[in-house]
Amino acid sequence: MASQPETKKPSAASRYLFLFLIGLVVGAICTVMAMRALQARQDPFPDSVMQVMAKHSGQLADKVKQNRCAATDTIPHVRTLRAMANDLEMAFPGIADDSRFKTHTSQFRADLDAALSAPPTDCAAAGALVEKVGTDCKACHQDFRG
């Protein structure tokens, strides 16, 4: 009796790999869609206010480090910080009525108002202002961020 040559069935591994890759692509797309949906529910305003304020206080500190402390170098950043300070209650409505928050925002605005009424004319005064702004921010963040 003559034996017939054995025929090997093609491997299903390539089909499984293809289905696995399709699953990865569909999973990635669904993840992106879910993340976008969650992101759309979040209000970007509070983070935006904080980022703008951080940028301008950083720029103010950089001016001091660069020894560029004339009023024309520092006042634009102080003005922007003061304008953004007006939006703090609107940015954080959940804590706007908290007495600690009111105290922090009032102190922050008072320090900025003082800097605008008597602008720093040298790096020592500008450095002191940077220190005050940093202290005001840190005090509020300790109470409400951490």
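The values are calculated or read from the model by the stated rules, or taken from the named source; none is laboratory data. Owing to the predicted nature of the structure, the values given are computational and were not obtained by experimental measurement. Glycine gets a Cβ as well: all are built from the backbone with ideal geometry, and neighbour counts include every protein chain shown. To get the accessible areas, we keep the full protein, side chains included, count just its heavy atoms, and leave off ligands, DNA and RNA. Shrake-Rupley method; radii C 1.70, N 1.55, O 1.52, S 1.80 Å.
Laid out as a table, the results:
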{"read-out": "Scope the range 105-139; condition under 18 Å from A91 (Cα atoms), free of Cβ contacts under 8 Å to residues at least 40 places away in the same chain and either under 22 Å from the mean Cα position of the chain (by Cα) or open to solvent by less than 50 Å² (accessible area, probe 1.4 Å) (or both); matching residues", "value": "T105, F108, R109, D136, K138, A139"}
{"read-out": "Some residue of the range 43-54 being in a helix (DSSP H, G or I) and farther than 20 Å from F144 by Cβ", "value": "no"}
{"read-out": "Residues of the range 84-105 satisfying the condition of being closer than 18 Å to Q51 by Cα and hydroxyl-bearing (S, T, Y)", "value": "T105"}
{"read-out": "When residues of the range 58-104 are limited to those that are open to solvent by less than 20 Å² (accessible area, probe 1.4 Å), touching a helix residue (DSSP H, G or I) at 6+ places or on another chain (Cβ under 6 Å) and assigned to a helix (DSSP H, G or I), the one farthest from P46 (Cα to Cα)", "value": "T74"}
